[in-house]
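The values are calculated or read from the model by the stated rules, or taken from the named source; none is laboratory data. The model shown is predicted, which means the values in this text are computed figures rather than measured ones. Here the Cβ positions follow ideal geometry from the backbone for every residue, glycine too, while neighbour counts run over all protein chains shown.
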Amino acid sequence: MVERRPYLTFLSHAFLVLGVAVVAFPIYVTVIAMTHGPQALLQVPIPLLPGDQLWNNLNEVLFVGRSTSGTPPTWLMMVNSLVMAIGITVGKIVISILSAFAIVYFRFPFRMLFFWMIFITLMLPVEVRILPTFEVVAGLNLLNSYTGLILPLIASATATFLFRQVFMTIPDELMEAARIDGASAMRFLVDVVVPMSRTNIAALFVILFIFGWNQYLWPLLVTTESDFYTVVMGIQRMLRVGESVPEWNIIMTTTFLAMIPPVVVVIAMQGLFVKGLIDAEK
Amino acid sequence: MEKRVYFRARLFPYLLVAPQIIVTLVFFIWPAAQALKLSVMRENPFGGNTRFVGMQNFERLFNDPIYLDSFQTTILFSVATTFSGLIIALLLALAADRIIKGATGYRTFLIWPYAVAPAVAGALWVFLFDPTIGIITYAMALFGYDWNHKLNGNEAMTLVVIAATWKQISYNFLFFVAGLQAIPRSLLEAAAIDGAGPLRRFWTVTFPLLSPTTFFLLVVNVVYAFFDTFGIIDAVTKGGPAGATNILVYKVYSDGFVGLDLGGSAAQSVILMAIVIGLTVVQFRFIERKVSY
Amino acid sequence: MSTVTLRDVKKAYGDTPVIHGVSMEIQTGEFIVVVGPSGCGKSTLLRMVAGLEEISDGEIHIAEKLVNNLEPRDRDIAMVFQNYALYPHMSVFDNMAYGLKLRKLPKDEIRAKVEEAADLLQLRPYLERRPRQLSGGQRQRVAMGRAIVREPSVFLFDEPLSNLDAKLRVQMRVEIRKLQRRLGTTSLYVTHDQVEAMTMADRLIVMNAGVAEQIGSPIDLYEHPETVFVAGFIGSPAMNLLDAAAFPGLSLPTDRGPLTVGIRPEHLVVADGGPIGATVDLVEPLGADTIVHAQLPTGDALLIRLPGNAKVTQGTTLSLAPKDEAAVHLFDKDTGRRI
């Protein structure tokens, strides 16, 4: 604050409160919808105060599949989402650390070629090459498998570049000291490089977990068996019920459950999250 | 910047890059090459044989009013999403920058939509604007406005823009706040002593100094609107009504998987890749030069 | 036997030679200091012995074993780095124990060795701390400790004291020397500080532009510098090195071509009717002695170091003479070599 202008400060607070309210409004309505039965959500207007059906809805959503949309119980979809998110996150971090380590700490023929090949992946989001990628995955018999969900999404130029930057800042002398201490390259990676990069790894973990959990198009394509549905795409299946009326209490409860893991991660690890976002854009 | 010394090994570094390179080759380079190849081929709808057709698929696309419409729709959608997202986030960031106490609290309540999947964001807003039971639809009806995004293309576009903006505000807000904090207080104080009021200070000091952040966000938001909003479109409108929200990324998907027009879809992929590459180049040139003072 | 032998060791980066062929024998237990200005190749030489730089030509033997193609870990050496190179995420204990763990020593043996080294270096209370919680001097000791616990044949020091403040540097240099005597480990120590070099070395190597100018004991180098470079580099304040023409009063050989004459400031004495006359420009009384900046009639600057608090006034002319015959060093002006 450069000078005192009480009315401006008041305006600032008012605007922020309004912003928070608008941003939060959809969640409020979702939470309300979670507490009502299907009948209440067919009235106009729908109730804006909580009802008493929360446990029923949760029970129904978590443990009972939907015949109308063909989705399995949500606990299973949550597990699938978790497996996919963790798989993508860990996979990306591991292969990025390995390749960044090779590029920084070794000189070898074709090093720059590999570097540029990784760079290209930055330019090819899955959305623009879906059809051929789908065919590759189908050709490898990876449809309806965790491998098929995870593997095509784990190459990451951003993470590789980030780790390259981080490794560059580790003093050369540490590597020399480690060599004299008798460490092999792999030992040096495990004992020195990785522990020294742990904040960056944690920050990246937060960002990538969200990225992985929120995948939508890819699971939509590679899972045709409902046992492999993830929760984010499951919601789409529930919305898509043709001419019959959507089961809003079920949909909104699922929606809420689908939001919980990534939102909790962001709020609980706010510092790491912000660091991760800013790191990833460098 | 390079390391002074290296580990000596012949095979080991190849082993280290192998996983990344294999995944890249199999799932990125190969499919991209396939897309390039398919974009100049046409499949016979009655038999399995394909033949080389040169640039015909592209010509067909650029003579196809539906594709040109989709292009227009995409531009309209990106411009609307980018600008509303940037302006709202900037206003919130300015407000948060002005107050010192409680700014972190507001931040917590503003950043979480980033964590919500686009498709989930779509579901949230669809529920609010549902033509029959949506609470906002109901509120608008009280004012005599009859909302139905399932029939009205403009309303459908408005709804996807709202959902896309809502999700992107957090990101823009965080970067604007960081950008504002990087502006030296002394400059603003000097301007205040020179007699510049808050509005004048904003336009003459804050806004120019914020331009690197703004430009960066501009590119990121365009990329977001072009490619990351697939889930929102699919959950809210499925590209409808009558193609009113059929943005390019959605069209690639629906032509390829629903319409099974492989050559056409591949040509569209190639065009999209060209757009991403163009945007990435812009972004990189910017990062190298860092538009700044 | 922990000898180190260098035979015509050369290093080139591409076509650019940086070390032109250094040979020397280091005896077991000797403390050898490599000294020279920055960029003279002294660190490169040390890193070649360590195995961190490849050897372009020549041979290095450690403990009578040819090590040219051995990895650092197989050379039986330990190294102390300028910035200490401690692992920031490990405790002091783990920093010292890391090399032993990698050598798969039993746990209790590692503990015993680390604790012994810690006692020797007064690090016992700090074993559980992280490097960043220590002072510069303590970090230096940890770096030493890491080298000691391995009980190597050879210690390598790469300017280990240059990040410390002046007072601590003097203290640490005594400590390192005492410790080395006690352990009797052959040591190769690189520094750019000639005082450090003189005070610590059994023998020292003066390097300049990739060449070992002279190898010998500190006193040897001080009394008989083989080249103009060594003459100017060793000794503080530096030796006066002037053309023969600047000293018309001295009787110098005339049959040896153009000469450079060197006289150390402390080897000039005030003498009535002495052969050198110089006008006093500036007097710096240091207490123990007095540094006089003077000017010769030729306009060349001359430095004189007089014992005690010499009463010299600015502007007066002093009559000076070399202390004795050995005080006058003669060098060939073209080759820079001693005559």
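Observations on the model:
- Some residue of region B:220-228 being assigned to a helix (DSSP H, G or I), touching a Gly at 6+ places or on another chain (Cβ under 8 Å) and of a type in the set (A, V, I, L, M, F, W, C): no
- Filtered by the rule that a residue be surrounded by fewer than 24 Cβ atoms within 10 Å (Cβ to Cβ) and without any contact (Cβ under 8 Å) to a residue 40 or more places away in the chain, region B:213-252 gives B:213, B:238, B:239.
- Test: residue in region A:108-116 that is in contact (Cβ under 8 Å) with a residue 40 or more places away in the chain and part of a helix (DSSP H, G or I): no
- Among the residues here, residue C:68 qualifies as more than 8 Å from chain A (Cβ to nearest Cβ) and under 25 Å from residue B:7 (Cα atoms).
- Close pairs (8 angstrom Cβ cut-off, 6 or more residues apart or separate chains): farther than 16 Å from residue B:134 by Cβ in region A:26-38, among the aliphatic types (A, V, I, L, M) and surrounded by fewer than 20 Cβ atoms within 10 Å (Cβ to Cβ) anywhere: A:34/A:54; A:34/A:58; A:35/A:54
- For region C:231-251, a residue qualifies if it is out of contact with any Leu (no Cβ under 6 Å at 6 or more places or on another chain), hydrophobic (A, V, I, L, M, F, W, C) and either outside any helix (DSSP H, G or I) or closer than 21 Å to residue C:9 by Cβ (or both), and the qualifying residues are C:238, C:239, C:241, C:242, C:247, C:250.
- Comparison of C:257, C:262 shows that the only residue that is small (Gly, Ala, Ser) and not in a loop (DSSP other than H, G, I, E, B) is C:262.
- Any hit, region A:161-174, residues being crowded, with 23+ Cβ neighbours inside 10 Å and more than 7 Å from every other protein chain (Cβ to nearest Cβ): yes
Rundown of residues vs (1) among the polar types (S, T, N, Q); (2) more than 15 Å from residue C:158 (Cβ to Cβ); (3) at pLDDT 90 or above, yes/no style:
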position	(1), (2), (3)
C:10	no, yes, yes
C:26	no, yes, yes
C:32	no, no, yes
C:47	no, no, yes
C:54	no, yes, no
C:63	no, yes, no
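- Odd one out for residue A:222, checked against (1) at the interface with chain B (Cβ under 10 Å from one of its Cβ atoms); (2) in contact with a Leu (Cβ under 6 Å, 6 or more places away or on another chain): (1)
- Qualifying residue in region C:25-39 (condition: in a helix (DSSP H, G or I) and surrounded by 19 or more Cβ atoms within 10 Å (Cβ to Cβ)): no
- Taking the numbered list (1) out of contact with any His (no Cβ under 8 Å at 6 or more places or on another chain); (2) away from chain A (no Cβ under 14 Å); (3) farther than 25 Å from residue A:194 by Cα in turn, residue C:92 passes all entries but (3).
- Restricting region B:268-291 to residues that are assigned to a helix (DSSP H, G or I) and more than 11 Å from chain A (Cβ to nearest Cβ), the residue that is surrounded by the fewest Cβ atoms within 10 Å (Cβ to Cβ): B:288
- Filtered by the rule that a residue be surrounded by 16 or more Cβ atoms within 10 Å (Cβ to Cβ), small (Gly, Ala, Ser) and assigned to a helix (DSSP H, G or I), region C:90-123 gives C:97, C:99, C:117, C:118.
- From the options A:232, A:266, A:245, residue that is β-branched (Val, Ile, Thr), surrounded by fewer than 22 Cβ atoms within 10 Å (Cβ to Cβ) and either within 20 Å of residue B:228 (Cα to Cα) or facing chain B (nearest Cβ under 10 Å) (or both): A:245
- Between B:194, B:261, the distinction of being away from every other protein chain (no Cβ under 11 Å), of a type in the set (Asp, Glu) and at negative phi belongs to B:194 only.
- Selected residue (criterion: surrounded by the fewest Cβ atoms within 10 Å (Cβ to Cβ)) from residues of region B:7-41 that are more than 7 Å from every other protein chain (Cβ to nearest Cβ) and small (Gly, Ala, Ser): B:33
- Tallying residues that are buried (at least 17 other Cβ atoms within 10 Å of the Cβ), outside any loop (DSSP other than H, G, I, E, B) and charged (D, E, K, R) within region C:71-89 yields 1.
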